[in-house]
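The block underneath contains the structure these notes are about, expressed in structure tokens.
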Amino acid sequence: MSKDASLILIDDPVRHVDGEGARGPEGRRLRPMPYTEPALTVLNLGLVRGDGIFETVSVVDGAIQAADAHQARFLRSARMLDLPEPDVEAFRGAILTAAEDLEQVSSSTQILAKVVMTRGREALEPGAPSPEPVGWVLAWVPEGLEGPRVSGRDLVTLNRGLPLGVGESAPWLLVGAKTLSYAVNQAVTREARRRGADDALLTTSDGYVLEGPTWNVVLFIDGVAVTPRPDGGLLPGTTQHDVFRGLEARGVRTEVRDVRVEELERATSAWMTGSGIYAVPVRHLDGRELAVDDALTAGLNADLAARRS
């Protein structure tokens, strides 16, 4: 098996209730295989329709960081997509198995693992049985993450084209679920780079701040650390939550609330936050220079790296 990454397939990734004739956790199999070899059929609904969910977690010294928060979000995404409940213990075992495989050959302290469950194989024949979900974990040693934590990033704001609260008024749009349908997210980043920035901060059509394509934002506005309310139409941030804990420990007041786009003019500094990137300072937002506290950023990232749960 290549040691650039480690792939673990999960036979039957669904949690079964005792007494329903399904295998218990002891009967679940984790199947390591080379990540460079074929593992999915072209009929997999995650591939052809983006019909699946995922989480990306950071593993340090054999511990999954923010494990409870990632598990809760994974289960929430499954419910929103009407998927069967994932067997979180099987996925946890796969994460740790894949990470251990890499820890034996790498000196890196941080390993990233993508946890995926799809609805399964698309049925082409009339009357075919319902698809059986497919699950896997792919772990790899990240490169180039520490540089942005020091150098920072330049952002532009881009309109997502939906109003605030659309996830509440139209839950079928799956706003707030972490699905495999990331074509729009990729397009957002490409557009930001066409405009000369590194990435984009998304906004609503009615003038509220949301998040980045793959990260949450923390803004310093009027001396308070603020992040947009998840119920407004974005994913709840696992790393953002821990950044707030670090700021509060340093005496900074924090708020989770709706943020108007015009408030960005009063933001004095900001961070992009995510499981892999940790806390990345924003140098420029729509061309306006923001202050960067290198010592505070380094302290927050040290806190994030030190997490063992």
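The values are calculated or read from the model by the stated rules, or taken from the named source; none is laboratory data. Fair warning: this is a prediction, and the values are worked out from it, not measured in the lab. Cβ sites come from the backbone with ideal geometry, for glycine too, and all protein chains shown count toward neighbours. Side chains included, ligands, DNA and RNA excluded: accessible areas come from the protein's heavy atoms. Shrake-Rupley method; radii C 1.70, N 1.55, O 1.52, S 1.80 Å.
Here is the figure for the range 115-138: residues that are open to solvent by 80 Å² or more (accessible area, probe 1.4 Å), touching a residue at least 24 places away in the same chain (Cβ under 8 Å) and of a type outside the set (Asp, Glu) total 2.
Have a look at 152, 161 and point out the one that is buried (at least 21 other Cβ atoms within 10 Å of the Cβ), under 26 Å from residue 228 (Cα atoms) and over 17 Å from the mean Cα position of the chain (by Cα).
So the residue among 152, 161 that is buried (at least 21 other Cβ atoms within 10 Å of the Cβ), under 26 Å from residue 228 (Cα atoms) and over 17 Å from the mean Cα position of the chain (by Cα) is 152.
Please tell me if residue 297 is of a type in the set (S, T, N, Q), in contact with a Ser or Thr (Cβ under 7 Å, 6 or more places away or on another chain) and within 20 Å of residue 250 (Cα to Cα). Against the criterion (of a type in the set (S, T, N, Q), in contact with a Ser or Thr (Cβ under 7 Å, 6 or more places away or on another chain) and within 20 Å of residue 250 (Cα to Cα)), residue 297 does not qualify.
Listed here are the residues, each with its yes/no results for (1) small (Gly, Ala, Ser); (2) in contact (Cβ under 8 Å) with a residue 40 or more places away in the chain; (3) touching a Pro at 6+ places or on another chain (Cβ under 7 Å); (4) not in a loop (DSSP other than H, G, I, E, B).
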residue: 231; (1), (2), (3), (4): no, yes, no, yes
residue: 243; (1), (2), (3), (4): no, yes, no, yes
residue: 248; (1), (2), (3), (4): no, no, no, yes
residue: 282; (1), (2), (3), (4): no, yes, no, yes
residue: 297; (1), (2), (3), (4): no, yes, yes, yes
residue: 302; (1), (2), (3), (4): yes, no, no, yes
